[in-house]
Structure formats: structure tokens, C-alpha cells
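Participant: Input: one structure, supplied below.
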Amino acid sequence: MLVNRIAGCALVLLLWAVPAYSQFVFSPISADLEPAGKAGFTTFTAANRTDSAIAVRVRMLTREIGEDGTERNEPVGKELFTVYPGQLVLEPGQERSVRVSWKGPETVERELAFRVLAEQLPVDFTGEDDSKTGNRASIDIRLKYLGTVYVLPKNGKAQIQAGIVGRDGVQADLVLENTGTAHAILKNLRVVVSAGTDQEWAGYQLGSKDLSALAGSNMLAGGRRVAAITLPEGFPDGSARVEVYYDYP
């Protein structure tokens, strides 16, 4: 089985029309941390490419991916991470470093996945009062970067197990579980489903087009995904053997 150690992809959401040449930039998009030692922190860079001052907030979120691929995020407590500075103001053209440090256990048995969220908050720096609320600043999130942070175990490795459940004729659910200690990106995913007797197996291969709900997805350590598949007409009844293949980077 092939194991993918791609660190993950960042999600950039444009919530306001901002020209590509003039914007807030946060990098890198991913980082790996070790739970103890010198590799227990990383540094991100926040850069202001606009022609006016901007406010930025940086915080850590949990990362969980449900069986249907839906990602859920919740704020992370201060007992796990220190983010400094968590809030900052960038003048036009200015860059500043943001340090993210792990404060949790010094050993982890399984890779832990988190999100780093950097939000540009347009603040009225003129100091004029809001006529309705009396507040001295009007805040509206304009642009956000959602990056990935992994806290790594020693010798982490993905292990993808697969099976078929809920079969009704040619319709069935494919279940993938990552029972390993590291995440895997299912790049160029192929699944071979076989059924029959030990002497004669009927094999059927599903490619990325057949597995659009799973292809390229991130299987976090301990994660489980379920997707509907269609088997060919006449595929043998009974138990099925499932083999999963995907590309190493």
C-alpha cells in the first residue's frame, strides 16, 4: 500500500473583492511540529500588500473530518498552543512573524491535526464613532487563510483499511478507515473489489471518476470515510475483498 505524507492543503476564502496584487498574505500554508524539542514551534509570516493599515487575528482550531467529508472546526484551548502575537496591525507593505508553539503532551501516539486561521479584519483606523452602536471600530472579516498544522508522532504511518457494507444489488457503501498513526492524501485513488470463491474471483476496479467523493481527500489518522459505489451487473453476491491503492508523492 502506498502512503502519502503530503502536509495538507490550505483553504483561502475571499470574502471581499481584493485585487490579486493588493492583499493580505499569510504563509506558509502548512507546518509539521514535534511534540517536544526544538521542532515544537513554527513561524508564519503575515504580510500586508495593501496601501492601508490592516488588522489581523491568528488562532488555532481543531480539525475533524466526518464520514461524508465535512470538516468541523472548534477553537483550541490555550493549554495546547501559544500564538504570538494573536492580534496585530500591519502598516502598508509591512511583514511580521507569528510564532505558533505546541504546549500539549511531549509525546503523542497518533498524529494530531489542527487548523491555523488567519483573518484580515478591516478596522476603521480613523477613530470615528459608529453612529448606531457607539463603537469606535467597525469589524468585518474580509479575507482568511485556513492552513494546516500537524503534531507528529515518532515514525507515523498511514494504514488504510477498506470494506463493503450495506450492499443492495449493485449498490453498496465503500468504507475506508485510517487505522494508522499519520494522515494520507488519496491521490490517484484506485479501489479493486473482488468476490467469489477462492479458486475464481471476479474483480472490478473503481477509479477516481467512480470515487469522486473520496479521490484526493485527506484521511486523517483515525479517520473514517463512507461513499456510495455502483458495482457492475452480475457481480457475485457474498463477502467482498477490497484493496486500496493511491500514489505516494
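The values are calculated or read from the model by the stated rules, or taken from the named source; none is laboratory data. Values in this document were obtained by computation on a predicted structure and should not be read as measured data. Neighbour counts run over all protein chains shown; Cβ positions are idealised from the backbone, glycine included. Protein only, heavy atoms only, side chains kept; ligands, DNA and RNA dropped before computing areas. Shrake-Rupley method; radii C 1.70, N 1.55, O 1.52, S 1.80 Å.
Participant: Taking strands (runs of 3 or more DSSP E) that do not extend beyond segment 44-122, which have at least 3 residues that are at pLDDT 95 or above and β-branched (Val, Ile, Thr)?
Facilitator: 54-62
Participant: Evaluate segment 228-249: report whether one residue or more is outside any loop (DSSP other than H, G, I, E, B), among the basic types (Lys, Arg) and open to solvent by less than 40 Å² (accessible area, probe 1.4 Å).
Facilitator: Looking through segment 228-249, none of the residues is outside any loop (DSSP other than H, G, I, E, B), among the basic types (Lys, Arg) and open to solvent by less than 40 Å² (accessible area, probe 1.4 Å).
Participant: Name the residue, out of Ser194, Ser217, that is over 16 Å from Ile65 (Cβ atoms) and polar (S, T, N, Q).
Facilitator: Among Ser194, Ser217, only Ser194 is over 16 Å from Ile65 (Cβ atoms) and polar (S, T, N, Q).
Participant: State all residues of segment 192-208 that are out of contact with any strand residue (DSSP E or B) (no Cβ under 7 Å at 6 or more places or on another chain) and either open to solvent by less than 70 Å² (accessible area, probe 1.4 Å) or modelled with pLDDT of 85 or more (or both); if no residue qualifies, say none.
Facilitator: Hit for segment 192-208 is Ser208, nothing else.
Participant: Under the condition of being among the acidic types (Asp, Glu) and surrounded by fewer than 21 Cβ atoms within 10 Å (Cβ to Cβ), which residue from segment 95-118 is farthest from Phe26 (Cα to Cα)?
Facilitator: So, considering only residues that are among the acidic types (Asp, Glu) and surrounded by fewer than 21 Cβ atoms within 10 Å (Cβ to Cβ), the one farthest from Phe26 (Cα to Cα) is Glu109.
Participant: While we're looking at this one, here's another question. When you check Leu220 against the structure, is it modelled with pLDDT of 95 or more, open to solvent by less than 50 Å² (accessible area, probe 1.4 Å), over 30 Å from Thr42 (Cα atoms) and not small (Gly, Ala, Ser), yes or no?
Facilitator: When the stated conditions are applied, Leu220 does not pass them.
Participant: Give the residues of segment 20-43 that are surrounded by 13 or more Cβ atoms within 10 Å (Cβ to Cβ) and in a strand (DSSP E or B), sorted by residue number.
Facilitator: Selection gives Phe24, Val25, Phe26, Ser27, Ser30, Ala31, Asp32, Leu33, Phe41, Thr42.
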